[in-house]
1. I'd like the residue in segment 66-117 that is among the polar types (S, T, N, Q) and more than 17 Å from the chain's Cα centre (by Cα) and, out of all such residues, is nearest to Thr224 (Cα to Cα).
2. So, in segment 201-226, how many residues would count as being under 20 Å from Met248 (Cβ atoms) and touching a residue at least 24 places away in the same chain (Cβ under 8 Å)?
3. Which condition number does Ala65 fail, the rest of (1) out of contact with any Gly (no Cβ under 8 Å at 6 or more places or on another chain); (2) at negative phi being met?
4. When you scan segment 165-257 for helices (runs of 4 or more DSSP H) that lie fully inside it, which ones turn up with 2 or more residues that are surrounded by 18 or more Cβ atoms within 10 Å (Cβ to Cβ) and out of contact with any His (no Cβ under 7 Å at 6 or more places or on another chain)?
5. How many residues does segment 160-201 contain that are of a type in the set (Val, Ile, Thr), farther than 20 Å from Ala246 by Cα and in contact with a Gly (Cβ under 7 Å, 6 or more places away or on another chain)?
6. Given the condition of a type outside the set (D, E, K, R), in a helix (DSSP H, G or I) and modelled with pLDDT under 85, answer yes or no: does some residue in segment 125-146 qualify?
7. Are there any pairs, at least 6 apart or on different chains, whose C-beta atoms fall under 8 Å, with the first in segment 10-32 and within 11 Å of Leu62 (Cα to Cα) and the second outside any helix (DSSP H, G or I), and if so, which?
8. Show me the helices (runs of 4 or more DSSP H) entirely contained within segment 29-97 in which 3 or more residues are among the small types (Gly, Ala, Ser) and surrounded by 14 or more Cβ atoms within 10 Å (Cβ to Cβ).
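The values are calculated or read from the model by the stated rules, or taken from the named source; none is laboratory data. Since this is a predicted model, take the numbers as computed values, not measurements. Glycine also receives a Cβ, built like all others from the backbone with ideal geometry; neighbour counts cover every protein chain displayed.
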Amino acid sequence: MPATVRGASFGRRVGATLLAGIPGVLALVGYIYLTTPTAAVPAGLSLPLFAALSGINPLLLLSVACLLGAYTAPRAGLRSYLLDRVATGEAVWPRLRADVGLAVGLGVLGAVSIVVLDTVLAPFVAQDLPQSAIGGARPTVVDVLAYAPVRFLYGGVTEELMLRFGLMSALVFGGWHVTGRPGEGPRPGVVWAAILISAVLFGVGHLPALAQSVDLTPALIARTVLLNALVGVVFGWLYWRRSLEAAMVAHTTFHVPLVVLSLVQVALL
């Protein structure tokens, strides 16, 4: 049995990862509270209550992901320095430091690649999406900065707990046992299948938010899923080959150039 499983109770593993993801949920709730017009609040609800209720679904998804990941990740050999710290007391940063350079580099490269690809695909969705979703529709500096904590905390940390730690870990664990080789560890094919499935679902997960501002079309759906799935594969590979925290660093870094781009767009409007 892995040291992470032996050295910490299941409840402590769930609690540690849940606490890591809650700031992202709070950032999302705060953003909704700050940016939702009073007229858009459903009848019978106050704005604070509406914002608080909006955090219930993400919190439930996070909780399920932490339950799944806390059980399956260590058993499938997927590494989390946070879980190791809970189990053995070993500090996170000295181990994560070796991953940071690669994670930051892949995060920046992923952002640049997505911006380029988004530009290439723009003619195919121009009638459906007049402006790139990366830039938004005439944002202000306040809009960009208000959304930045959501990008960094919810996107960079909470989404990685949901999609990689929870979903991908469960898929690896399940696929490993279904293939009938529980004594040998998950084969690369099983892990790659889990990476691809979780990456596609990561892309699909961005559709509801987009649907709130535009009508979804087949071209727009394909473009949104493709762009997000591509970076999802990178984050999944980092989780597999390095650590969950490396995937978080890459995902957080991925948003830095996009925030900068949004601020540049504001300046040029």
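1. Checking each candidate, the answer is Ser113.
2. 4
3. Exception for Ala65: condition (1).
4. Per the criteria, 169-178, 188-204, 218-241.
5. 1
6. Yes; the residues of segment 125-146 include at least one that is of a type outside the set (D, E, K, R), in a helix (DSSP H, G or I) and modelled with pLDDT under 85.
7. Matching pairs, first to second residue: Thr17/Ser80; Val25/Gly55.
8. 47-54, 56-75
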